[in-house]
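Student: Have a look at the structure that comes next, please.
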Amino acid sequence: MPGIPRNKSPINPTAPQPPTVALSGPSYLSDSGLKVPAAWTFGLDQEDYLHEPELSLSDDDEREHVHEDEEEEKPARTLYKFEGKSELRELSLAAGQDITVLKEDMSEGWSLVRHKETIGLFPRSYYTFTSSFSSPKAQKAVMSVGSSTPRNSVAGDLPPLEPQSTGSYVPNFRSSVLGGRSINRFSNFVTSGAEEWVLNGNAQDEIRSLQRADPRDVGMASALTEPFNQKATDRHYIDEGPSWESKVPAFRVLVHSPSKRSPSLGSPYTIYQVTSMFSVPRHNPGSPANIRITVERRFTHFVSLHTALLRRLPGIVLPPLPAKQYTGRFKEDFVEARRGDLHRYLSRLIRHPLARHAEVLTFFLSCDTEAEWRRVMPGHLSMPPVGPWFYARVFHPSFNMNVEDAQDAGERFARHVEANGKGIQLLRDVFGRIRLGRADEGSTQRLLSYAILSLITATPIGSHGAADLDGTERSRGLLNNQNAWCWKDDCEECLSLTKAMQRTAEHLQTIADLHDNNARSKQLSIHEMLKDVAHPESLYQPVLETHRQTIERCLDADEDIAARCETVLNTTLAEFETYHTQRIEDFRDLTIDHLDNEIEFHTQVLSRLKAARSLFSPEQYSALGKGGPRQPSMYERDLANPKITRPPLPQPTPHAYDVVHSRPVSAVLQEGVGLLMGSPATGRTSVLGRFW
C-alpha cells in the first residue's frame with residue numbers, strides 16, 4: 001500500500017517551520033540542506049526528549065537524557081502500512097508489527113516509536129496501543145481543531161486495511177496448495193477492526209476518514225459521504241438470541257441466460273442476466289403481486305460487489321466468490337458451471353440479514369446501464385474499510401452477555417462446524433460415488449439391451465448384422481422367413497416373442513438414458529448444492545478467532561472495555577445463529593431435493609419397466625404375432641460398435657477452500673511430446689506429420 005500522500009505545501013502554515021541545518025553528522029543531511037521535521041523540532045525543544053547519540057541531529061549537541069518516569073513507554077501495534085522517508089528519520093513499517101511508543105505526541109500528528117533497535121517517527125493514527133486492558137486514552141481525531149495531519153499529508157487519506165479474504169479471488173496457486181485459504185498472517189480480530197474497537201472504543205476517527213473519502217464520481221459524493229450515523233443501511237440491530245434483525249424482507253434472485261459478448265475494442269467476455277424477484281403486498285386488486293428487475297452483469301461486476309462488501313461488513317461471514325478462470329472460459333460446460341456458482345453465491349448472499357440490506361448490493365441488483373455503473377461503483381470501491389466503525393454501529397440489548405456462556409457457545413460451535421466440515425466432505429465423496437454408480441448402471445442397462453438384440457438377431461456384438469446373411473445361412477436356423485428368432489418359418493409364437501423382446505431392449509435403452517441423464521443433470525445439481533455448504537470450519541474460522549480473542553480481552557477488563565467486548569460477542573454469536581438458521585434450511589432443502597429426484601427418477605424407470613412388462617400380457621403378446629414380419633430395431637446398427645462407453649461425468653467446480661491437486665509436470669510434458677510426435681496408445685498422429 002502507498003504511504004501517506006505528500007503535498008508540496010504544508011497542511012498547517014502556522015506550525016513551527018523546521019530550520020535548515022548543516023550538521024557535521026550524517027552527510028546526506030548536511031550536503032542537501034534538508035529541513036528537520038517540525039515534529040522533531042517541537043518535541044526536542046519542548047521536552048529535550050530522548051536524545052540518545054543515534055538520535056542526535058548534531059554530534060556537538062549535548063543534552064541530558066529525560067528520565068523514563070516522565071512518560072511511560074507503551075507497547076503498540078501498527079494498523080496500516082507506512083512508507084517513511086529515512087532521511088527524515090521516519091520509520092517504514094508494515095501493518096501488524098509490534099512497536100514501543102516512546103512519546104505519543106510529537107506535534108503534527110507524529111509519535112516517537114521504537115521498532116526493534118530502530119527509533120524514529122511514525123504517524124499517531126497508524127497504530128493502536130496493546131499495553132493493557134485498562135481504558136486507554138482516547139485517540140486524537142485527525143481533523144480536530146488546532147491540530148493537523150502528519151506533515152505534508154492529505155487529511156483522512158489513510159491506506160485501507162487489507163480486507164478479510166473469503167475467496168473473492170482464488171488463483172490456481174491457492175487452489176492447488178493452500179486450498180483457497182488466505183496466507184495473511186494477521187487474524188480477523190485485527191483486520192476487521194475488532195481489536196481497535198475493544199481497546200480504544202473510539203470510532204470517530206474512522207467515521208471522519210470515511211466521510212472524507214473522495215469518490216471518483218462527483219455526483220455520488222454527497223450520497224456516499226453523508227454522516228454514517230444517519231444512514232439506516234449502516235445501522236445493525238441484534239435481537240434476543242442473539243440474532244441479526246432483518247431490515248428488509250427476503251427475496252429471490254436468479255442468474256440465467258449467459259451469452260458471449262465480443263466488443264470491437266477489448267477482449268470478449270460472458271454476460272449473465274441477473275433477475276431479482278420481490279413479493280409486494282397488494283393494496284388493490286389491480287396492483288402486481290410480484291416485481292422483477294433484470295440487469296446484465298459480468299464476472300468483474302461480481303468481483304467489485306464482493307470487494308465492496310468485504311470492506312463494508314468486516315464482522316460477518318460472506319460466501320466465497322467463484323475462482324477466476326484464465327483458460328477455457330467460453331466453453332459451454334464451464335459457462336454453465338460458472339452461472340450456477342454465481343447464482344448460488346448471490347442466493348446465499350441475500351439470505352444474510354445484513355448483506356441483503358447493503359447499499360452496494362441494492363445498487364448491484366438495480367443498476368441497468370453500464371454508464372451508471374462506471375459512474376457510481378468506483379465511489380463504493382474507493383471507500384476505505386470501515387474497521388472499528390462497524391462495531392460502533394451495532395445495537396444490541398444491554399448487559400445480555402455472560403462471558404462464560406459466550407465462551408462455552410464458541411467452543412461448542414467450533415467443534416460443531418469442524419465435525420460438520422468432515423461429515424459434509426464425506427457426504428460429497430459418497431454422493432460422487434452414487435452419481436458414478438448411477439452412470440455405470442446406465443451403461444450396464446445399455447449393455448443388457450445390446451445383449452438381448454444380439455441374441456434375437458443372431459448377431460454377435462462387434463460383428464455385422466443379421467440383415468447381411470444370405471438365404472443359405474438363414475436356412476440353417478438363425479432367423480426364419482419373418483425375421484423372427486426361430487428356425488421354423490411362419491412361427492407366430494416366436495414372432496411374438498421376438499418382437500416383445502426387441503421392444504424390451506428398446507425400453508432398456510431408454511432406462512439407460514434416464515440413468516445417464518440423471519447422473520449428469522439433476523444429481524450434478526444436488527452435488528453442487530453439497531459443495532455450497534462445504535467447509536464451514538474454514539468459512540467461520542475468522543469469526544471464531546475474533547470470538548476467542550475478544551473473550552481473552554474481556555476477562556479482568558474494566559467496565560468500558562467489557563461493554564465493547566459485549567458488542568463484539570453479540571456480533572459473533574449472531575453470526576453463529578445465522579449459520580444455525582441457514583444450516584437447517586440448507587439440509588432440509590438438500591434432503592427434499594434428493595428424495596424428490598429419486599422418486600421422479602424411479603417413477604420414470606418404473607413406468608418404462610411396466611410398459612415392457614405389458615408387452616407380455618395375453619392381448620398384446622398375441623397381437624404382436626399377427627402384425628407381419630419383424631422390422632429391425634434402430635439399435636441393431638450399433639451392435640457392430642456398441643455405444644457403451646460414455647464421456648466422463650461432469651464434476652462440480654471446486655469450492656474456494658477445496659485443495660485441487662496440481663497435475664504432475666511429467667504428465668504435462670508427456671502430453672506435449674505426444675502432441676508433437678504422435679502417440680500410438682491414443683491413436684493420435686503427430687502435428688508435424690503433414691510436413692514429414
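Read-outs throughout are calculated quantities, based only on the coordinates presented, and are distinct from any laboratory measurement. All values derive from a computational prediction rather than experimental measurement. Positions of Cβ are generated from backbone atoms using ideal geometry, with glycine treated the same way; all protein chains shown enter the neighbour counts.
Student: Specify the inter-centroid distance of region 563-587 and region 605-652, based on alpha-carbon positions, in whole Å.
Tutor: 56 Å
Student: Could you give the nm distance between label points at residue 640 and residue 455, where each point is 7 Å from its Cα heading toward the beta carbon?
Tutor: Inter-label distance under the simple model: 2.5 nm.
Student: Given a cut-off of 23 Å, name the pairs among 422/531; 331/522; 488/626; 260/531 whose C-alpha atoms lie farther apart than that in the structure shown.
Tutor: 260/531
Student: Determine the alpha carbon to alpha carbon distance for each of 499/643; 85/116; 81/247; 610/643 and list only those over 29 Å.
Tutor: 81/247
Student: For region 584-664, compute Rh as the Kirkwood radius over C-alpha pairs and then the Stokes-Einstein diffusion coefficient at 20 °C and 1.002 mPa s; write the answer in µm²/s, rounded to an integer.
Tutor: My calculation gives 115 µm²/s for D.
Student: Moving on to the next point. Cut-off is 10 Å between beta-carbons; in what order do 303, 430, 253 appear when sorted fewest neighbours first?
Tutor: 430, 303, 253
Student: Would you please name the trypsin sites (Lys or Arg not before Pro) within region 525-601 that are DSSP coil residues with at most 11 other C-beta atoms within 10 Å of their C-beta?
Tutor: Answer by residue number: there is no such site.
Student: Report, by chain and number, residues whose modeled amide H sits under 5 Å from the one on residue 237, excluding near sequence neighbours (fewer than 5 apart, same chain).
Tutor: HN-HN under 5 Å from residue 237: 245, 395.
Student: Mind sorting 459, 294, 571, 603 by how few other Cβ atoms lie within 10 Å of their own Cβ, fewest first?
Tutor: By the 10 Å Cβ count, ascending, the order reads 603, 294, 459, 571.
Student: Subtract the Cα-Cα distance of residue 98 and residue 290 from 0.36 nm times their separation in residues, and report this length gain in nm to one decimal.
Tutor: Stretched fully, the residue 98-residue 290 segment lengthens by 63.6 nm.
Student: Also, quick follow-up: Given points 7 Å out from each Cα along the Cα-Cβ axis, report the residue 257 to residue 490 separation in nanometres with one decimal.
Tutor: In this crude label model, residue 257 to residue 490 measures out at 6.6 nm.
Student: Related question: With the crude spin-label approximation of a point 7 Å out along Cα→Cβ, what separation in nm comes out for residue 604 versus residue 419?
Tutor: Inter-label distance under the simple model: 3.8 nm.
Student: Quick check on region 362-458: take the gyration tensor over C-alpha atoms, sort the square-rooted eigenvalues as a ≥ b ≥ c, and tell me if it's rounded (a/c under 1.5), prolate or oblate.
Tutor: Judged from the Cα gyration tensor, region 362-458 comes out oblate (a/c at least 1.5, b/c at or above a/b).
Student: Skipping prolines and chain starts, which residues have an amide H placed within reach, meaning under 5 Å, of the one on residue 90, given they are 5 or more residues away or on another chain?
Tutor: Under 5 Å from the amide H of residue 90 lie the amide H atoms of 85, 121, each far enough along the sequence or on another chain.
Student: Between rounded, prolate and oblate, where does region 289-436 land on the alpha carbon gyration tensor, with a ≥ b ≥ c its root eigenvalues, rounded for a/c under 1.5, else prolate if a/b exceeds b/c?
Tutor: Oblate, because a/c is 1.5 or more while a/b does not exceed b/c.
Student: Indicate the gyration tensor shape class of region 334-373 (rounded, prolate or oblate), computed on the Cα atoms with a ≥ b ≥ c the square roots of the eigenvalues: a/c under 1.5 is rounded; otherwise a/b larger than b/c is prolate and the rest oblate.
Tutor: It comes out oblate by the Cα gyration axes.
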